[in-house]
Amino acid sequence: MSRAASALRARHAVRRISSSSASSPEAWDVPFHRLQKQRGQHLLTNPRVLDDIVRRAAIRPGDAVLEVGPGTGNLTARLLASPATRVAAVEIDPRMASAVTARAAALGLAHKLTVTTGDAMEVEFPEFDVCVSNIPYAISSPLAAKLLFGGYRFRTATLVVQREFARRLVGAPGHGERNHLATNARLVADVTLLMDVSKAEFVPVPGVDSSLVEIRMKEDRPAEVQPGIGLDEWLEFTRVCFGQHQLQRRRQNKKRRKEEKTLGTIFKREEMAMELFRLSRRAEEREGNGAGTSGLDAPHHGDDDVGDGKEVEDGCFSKEEVVAFKERIAGALQSARLNNERPSRLSNDDLLRLLQLFIKRGVRFH
């Protein structure tokens, strides 16, 4: 099909969408006896909101669009009718995948759509220029992280997310609501709150309101936060500070604790100190610094995890060296005067200053 014919068909599809839904919510042709709330299946049905999302996404002629969680295709139909060359949708529910495929065929735009049935967190995304999605609340954070740090090259992601999550994502440095993802997102992208979306616009009605956010990627993703400090090390460091490290998450899940800890509380824990000891040793060996450069020159036997401290008793690490390493951690916190501070209250500059002090003392995170 020629590009002119494809564009003409898309314009006809826009008229059909507009004329059929201008005064009533979007419907779907395939009946669903039950939507799966555990998968976050809340369908956005207000045509004016759907139109506004696509308008704000600013899709350009020739763009490749990625949509995660298309559902029955209310948003997909508009993406297909846009100037985009193709739309790639990822849907975990085979019923929904069939429905959105049938809808594209009914609009005469099936040639522009590719549907992958699978978990968006496990599927490798095709190349795309923009991502436009009403995503399930449960995967908002991991999906945003995958887009930001998964190595994908794209211009913007326009996402409908839970309103509270949106507020945290756009939180300014030092803002009490800012989280781990927002801290890292600012290194590679600019995040903007575009509009709020009432929960009444969804079927079934969720328990919370939503917001539309735009993630606009910066032209160059830095390999280093600053000379000598790689992006990977920064990401691991902030993961520890904001309680996203696997050791902290296991403990939080077990005790159901959600309150934010101070940096002093986070880093004084035995498990964390031993894990950082192991990572610091590996970093020293990887960089070929040799024994004695950071005080981490005790004998080491294997790469077993050291989270429970048993390796000290088994003779892998001397008690003296472990004590000295803990003093290095405490010294960095004291020098930065951040021992009693909570990560969400700190700016990126504050956190970077602490990371610099840690690295100077031989405490590594990657």
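Charge dipole (Cα centre; +1 on Lys/Arg Cβ, -1 on Asp/Glu Cβ; no other charges) of region 116-211 amounts to roughly 320 debye. Residues in region 128-167 average 32 Å² of solvent-accessible surface per residue, probe 1.4 Å, ligands and nucleic acids excluded. The local environment of residue 54, defined by Cβ-Cβ distances under 12 Å, has a net charge of 0 under the rule Lys, Arg +1 and Asp, Glu -1. In the context of the full set of protein chains, region 36-91 has a per residue accessible area of 34 Å² (1.4 Å probe). Overall, the accessible surface of region 64-151 at a probe of 1.4 angstrom is composed of carbon and sulfur to the extent of 56 percent. Extension gain, residue 220 to residue 323, is 32.9 nm, computed as 0.36 nm per intervening residue step minus the present C-alpha separation.
Counted over region 90-225, the DSSP beta bridges are approximately 70% antiparallel. Once you have a ≥ b ≥ c as the square roots of the Cα gyration tensor eigenvalues for region 90-237, tell me rounded if a/c is under 1.5, and otherwise prolate or oblate according to whether a/b is larger than b/c. It comes out oblate by the Cα gyration axes.
The values are calculated or read from the model by the stated rules, or taken from the named source; none is laboratory data. These numbers were taken from a predicted model, which means no experiment stands behind them. Cβ sites come from the backbone with ideal geometry, for glycine too, and all protein chains shown count toward neighbours. These accessible areas exclude ligands, DNA and RNA; they are computed on the full protein's heavy atoms, side chains included. Shrake-Rupley method; radii C 1.70, N 1.55, O 1.52, S 1.80 Å.
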